[in-house]
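Let me begin by presenting the structure, written as structure tokens, before commenting on it.
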Amino acid sequence: MTTIDDILATARTRTPGQSYAGAVTPQEAFALLQADPRVKIVDVRTNAERDWVGRIAVPDTQHVAVQWATYPGGQPNPQFGEQLAQVANPDEILLFLCRSGVRSRHSARVATELGYANSFDILEGFEGDRDGEGHRKTLGGWCKAGLPWVGA
């Protein structure tokens, strides 16, 4: 049986040389959410992405939204740190989620710099990478893994 400590230990090995704690698969993120109430997903996608594409379906106490970039325009969110402080505590395990795993890495790094030592990237993100036809949700990510989510 895989424990929380096992998942986190494996996650820490996936990001050598990075400042943030590690990286988890979508399945590992879901297992952590189910096992420990101190775990939170920080969805860093834009409000538009969550509204138009979908959201993970986990308890509100374990799912918070802090945009990494603003919509429209895609400019960095100047209040990222302040907004994170309003919804997360430094002792919690924070799992950062974006569309495909790029913004979540940056968010985990910045959160670590702000004092959130247990900041992890969720590999593949919510939708995963594009397939050969340009579609998402077919090559990885939370949705492809069959984890709970609700459409827009």
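Each value in this text was obtained by applying a stated rule to the coordinates, not by laboratory testing. This one's a predicted model, so the numbers in the text were calculated from it and none came from an experiment. Virtual Cβ from ideal backbone geometry, glycine too; neighbours counted across all protein chains shown.
Criterion first (surrounded by 17 or more Cβ atoms within 10 Å (Cβ to Cβ), of a type outside the set (D, E, K, R), at positive phi and touching a residue at least 40 places away in the same chain (Cβ under 8 Å)) does GLY128 satisfy it?
Numbers: surrounded by 17 or more Cβ atoms within 10 Å (Cβ to Cβ): yes; of a type outside the set (D, E, K, R): yes; at positive phi: yes; touching a residue at least 40 places away in the same chain (Cβ under 8 Å): no.
It is false that GLY128 is surrounded by 17 or more Cβ atoms within 10 Å (Cβ to Cβ), of a type outside the set (D, E, K, R), at positive phi and touching a residue at least 40 places away in the same chain (Cβ under 8 Å).
Table: residues versus (1) buried (at least 19 other Cβ atoms within 10 Å of the Cβ); (2) more than 21 Å from ILE7 (Cβ to Cβ); (3) touching a Lys or Arg at 6+ places or on another chain (Cβ under 7 Å).
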residue	(1), (2), (3)
ALA85	no, yes, no
ILE93	yes, no, yes
GLY101	yes, no, no
HIS106	no, yes, no
ARG109	no, no, no
GLU113	no, yes, no
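Among the listed residues THR61, THR70, THR15, THR46, which satisfies the condition of being free of Cβ contacts under 8 Å to residues at least 60 places away in the same chain and under 20 Å from TYR116 (Cβ atoms)?
Values: THR70 fails: under 20 Å from TYR116 (Cβ atoms); THR15 fails: free of Cβ contacts under 8 Å to residues at least 60 places away in the same chain; THR46 fails: under 20 Å from TYR116 (Cβ atoms).
The conditions single out THR61.
Restricting to the stretch 112-152, give me the number of residues that are outside any loop (DSSP other than H, G, I, E, B) and in contact with a Leu (Cβ under 6 Å, 6 or more places away or on another chain). Even if it seems obvious, please write down each step before you answer.
We begin by selecting, within the stretch 112-152, every residue outside any loop (DSSP other than H, G, I, E, B); these are 112-113, 119-122, 129, 139, 149-150.
Add one more test, that the residue is in contact with a Leu (Cβ under 6 Å, 6 or more places away or on another chain), and what stays is 119-120, 122, 129.
The qualifying residues number 4.
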